[in-house]
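The values are calculated or read from the model by the stated rules, or taken from the named source; none is laboratory data. Keep in mind that what you see is a predicted model, and the values were worked out from it rather than measured. Here the Cβ positions follow ideal geometry from the backbone for every residue, glycine too, while neighbour counts run over all protein chains shown. Each accessible area value is taken on the protein alone, full model and side chains, heavy atoms only, with ligands, DNA and RNA left out. Shrake-Rupley method; radii C 1.70, N 1.55, O 1.52, S 1.80 Å.
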Protein chains: 2
Amino acid sequence: ALAAPAVAQSLPNITWQLSSGYPKLLDTIYGTAEVFAESVRELTDGKFDIKVFPDGELVNALDGLDAVQEGKIDIASTASNYFWEKDPAFAFGTGVPFGLNQRMMNAWLYEGGGLDLLNKFYSKFNIIGFPAGNTGAQMGGWFRREINTLDDMQGIKFRIGGFGGEIVRKIGVNPVSLPAERIYGAMENGTVDAAEFVGPYDDDKLGLNRVAKYYYYPGWWEGGVTVMNLINLEKWNALPKSYQAAIRSASALANSVMMARYDTLNPPILRELVQFGTVLRPYSSDIMLACFNAAKETYTELSEDNEDFKALHDSYMSYRGEAYLWFQISEYAQDTFLMLQQRAGRL
Amino acid sequence: ALAAPAVAQSLPNITWQLSSGYPKLLDTIYGTAEVFAESVRELTDGKFDIKVFPDGELVNALDGLDAVQEGKIDIASTASNYFWEKDPAFAFGTGVPFGLNQRMMNAWLYEGGGLDLLNKFYSKFNIIGFPAGNTGAQMGGWFRREINTLDDMQGIKFRIGGFGGEIVRKIGVNPVSLPAERIYGAMENGTVDAAEFVGPYDDDKLGLNRVAKYYYYPGWWEGGVTVMNLINLEKWNALPKSYQAAIRSASALANSVMMARYDTLNPPILRELVQFGTVLRPYSSDIMLACFNAAKETYTELSEDNEDFKALHDSYMSYRGEAYLWFQISEYAQDTFLMLQQRAGRL
């Protein structure tokens, strides 16, 4: 009678609410929040119970930051860059256009000082964050007609995620903001001419292949998108140390599992899309370069009068320079060789 | 007086011994085992204490499997392919020549059925394994003179990790097996003509740049090396569920942290090596293709009379085909564009 109830006494029962920025339909970017919560339960013998809610059930994705800050919810599992209009420095919690790929982003966050810098910034909003997922390099969007030159981009109404929209505006695109659920309808009725979301698996779930033929790549504005667990800082500070450790390591597990899910689920759907008529097209060099220059210009402008943006930008971009120096040697040579064998049918 | 001792009663005090397959000198591949153990302590309020020992202190790296199997130690944090001579199927716990890169390897293990297949195999040795680190694509080794053609490889005495040695033997190389600590001396006194270990950061610690000028890439036999926590299965089964969860998620955290460390530490050392005279050279296509064909031949031979090898091979290789189909689209286009900007000095 002593040993059994002791378990109940030793750890407090805590129930938290997590709001995902995504609909339940997406077992990738939403589903990984369930993996995170389940891992926390296992680590704490079920004592720390994080309930997971899809976008809109407790709060809407774009209200996630305010809701965590005010303690209405405990965690938002979301894209930090949803909140870039509040402060563009939020973009670095997701990754910025022409930025780090998934592996580099993890390296910057875990060992390159990135997460510490971000949390210094997040603390101003009563928030602490932990990386809890990544989509990898996203696709560049669905177009009804071919886009060969910079001229073809002029005036295009393009559904594109927040911060990327600011960049393409500079090259003449008309960016449109729309939640996932409304993209298909907007493409169908011509409210937008083109739309990007994530990649083959998620885009197929939204039915985007049925309203556009050309599928462009790469999604240079989302080259290694991190999903963050944004947590109310006061509630975090009040947790037992072992529950804090549970959140940290379960977030890391979710971070790996989300990438693994995308990498497992995307290839067969990509193959199927192409079989059923989707045409893959790379963005041309002049479009890529114009966007690259527009991004640089935007970063320079924002760095001028925003210290948080500048601190994060300088750390992230100096990391990028070093990382792409290293990746172009062994990693790239190995991948390139095997891609050539893949194309030659030798794998 | 009731609440405080309750903590002590609720979870058993357990002390385990982990033997790393690597020397303490390597804060990457050895140091991450410390990160793992510390995470387990945090998750369990210090109750589950895993003591970490470097190679040789409890057992030698090559005896790690036997020691875990017999319960002399609880965990070996090591390369599964160290034990390929016992059964070549062990190689798939590390990754095989011309195999998956780091991200693909994680995807195969976590979501592609790879870890379940491996653990089915490991269970025959009274072992369960969890991925706990990755080095990324390794470099292809240090040579005293240039190696331009397949002919130049004939008769070369090359220190190379176990399974890769079998492949290069087929193209005329004379593979030599040596522990990390003895590589420098063997290069210096001419016992070997060439040597590979890991990558810039670790190789520099071993001083290999002081005994050879040419640094080749990629290390096609180790394109995404996983380090495994190999655990005694009976002891695993006897753990409380929450301690099992702690090992699982702390291993996943270590897996990410090791890769992040390598990606952070390699670039500045690579830069320094080149500044001080190291010459980077890609393996020529004829060498790469000959080795690729030799690897395929080896896999076919081993699959013929080893069911475990065949099951793991078929799963791993079909995953590779799909993964390289997908990676050559958005991921590769984004990386390539940014590498070109890096070379043009625009990052």
For residues that are within 7 Å of another protein chain (Cβ to nearest Cβ) and over 16 Å from the mean Cα position of the chain (by Cα), tally how many sit in the stretch A:100-118.
3
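Could you tell me whether any residue of the stretch B:156-165 is within 30 Å of A:Ala245 (Cβ to Cβ) and in contact (Cβ under 8 Å) with a residue 12 or more places away in the chain?
Step one: list which residues in the stretch B:156-165 are within 30 Å of A:Ala245 (Cβ to Cβ), which gives none.
No, there is no match, as no residue in the stretch B:156-165 is within 30 Å of A:Ala245 (Cβ to Cβ) and in contact (Cβ under 8 Å) with a residue 12 or more places away in the chain.
Can you tell which of A:Tyr319, A:Tyr324 is touching a Phe, Trp or Tyr at 6+ places or on another chain (Cβ under 9 Å) and farther than 30 Å from B:Ser315 by Cα? Break it down stepwise before answering.
Values: A:Tyr324 fails: touching a Phe, Trp or Tyr at 6+ places or on another chain (Cβ under 9 Å).
Testing whether each residue is touching a Phe, Trp or Tyr at 6+ places or on another chain (Cβ under 9 Å) and farther than 30 Å from B:Ser315 by Cα leaves just A:Tyr319.
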Residues being modelled with pLDDT of 95 or more and surrounded by 18 or more Cβ atoms within 10 Å (Cβ to Cβ) - total across the stretch A:22-40
11
May I ask you to list the residues in the stretch A:267-294 that are under 23 Å from the mean Cα position of the chain (by Cα), of a type outside the set (A, V, I, L, M, F, W, C) and under 20 Å from B:Gln334 (Cα atoms)?
A:Pro267, A:Arg281, A:Pro282, A:Tyr283, A:Asn293
Quick one: B:Asn237 ticks every box in (1) among the polar types (S, T, N, Q); (2) open to solvent by less than 60 Å² (accessible area, probe 1.4 Å); (3) more than 10 Å from chain A (Cβ to nearest Cβ) bar one, so which box is it?
(2)
Selection from the stretch B:188-225 of residues that are open to solvent by less than 10 Å² (accessible area, probe 1.4 Å), of a type outside the set (A, V, I, L, M, F, W, C), within 13 Å of another protein chain (Cβ to nearest Cβ) and part of a loop (DSSP other than H, G, I, E, B):
B:Glu196, B:Gly199, B:Pro218, B:Gly219, B:Gly223, B:Gly224
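In the list B:Gly165, B:Gly199, B:Gly224, which residue meets the criterion of being within 16 Å of the chain's Cα centre (by Cα) and modelled with pLDDT under 95?
On the way: B:Gly199 fails: modelled with pLDDT under 95; B:Gly224 fails: modelled with pLDDT under 95.
Testing whether each residue is within 16 Å of the chain's Cα centre (by Cα) and modelled with pLDDT under 95 leaves just B:Gly165.
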Options B:Gly133, B:Gly140, B:Gly129, B:Gly114; residue that is touching a residue at least 12 places away in the same chain (Cβ under 8 Å) and out of contact with any strand residue (DSSP E or B) (no Cβ under 8 Å at 6 or more places or on another chain):
B:Gly114
Name the residues in the stretch B:63-73 that are open to solvent by 10 Å² or more (accessible area, probe 1.4 Å) and either touching a residue at least 60 places away in the same chain (Cβ under 8 Å) or touching a helix residue (DSSP H, G or I) at 6+ places or on another chain (Cβ under 6 Å) (or both), would you?
B:Gln69, B:Gly71
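Using the structure shown, decide if A:Tyr184 is aromatic (Phe, Trp, Tyr), more than 14 Å from chain B (Cβ to nearest Cβ) and open to solvent by less than 10 Å² (accessible area, probe 1.4 Å). Steps first, please.
Values: aromatic (Phe, Trp, Tyr): yes; more than 14 Å from chain B (Cβ to nearest Cβ): yes; open to solvent by less than 10 Å² (accessible area, probe 1.4 Å): no.
No; evaluated as a whole, the condition is false for this residue.
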Condition first: closer than 19 Å to B:Ile127 by Cβ and out of contact with any helix residue (DSSP H, G or I) (no Cβ under 7 Å at 6 or more places or on another chain). Can you find one or more residues in the stretch B:39-55 that meet it?
yes
Got a number for residues in the stretch B:67-97 being in a helix (DSSP H, G or I) and in contact with a Lys or Arg (Cβ under 8 Å, 6 or more places away or on another chain)?
0
Looking at (1) farther than 29 Å from A:Leu109 by Cβ; (2) free of Cβ contacts under 8 Å to residues at least 12 places away in the same chain; (3) not polar (S, T, N, Q), which one does A:Glu188 not meet, given that it meets all the others?
(2)
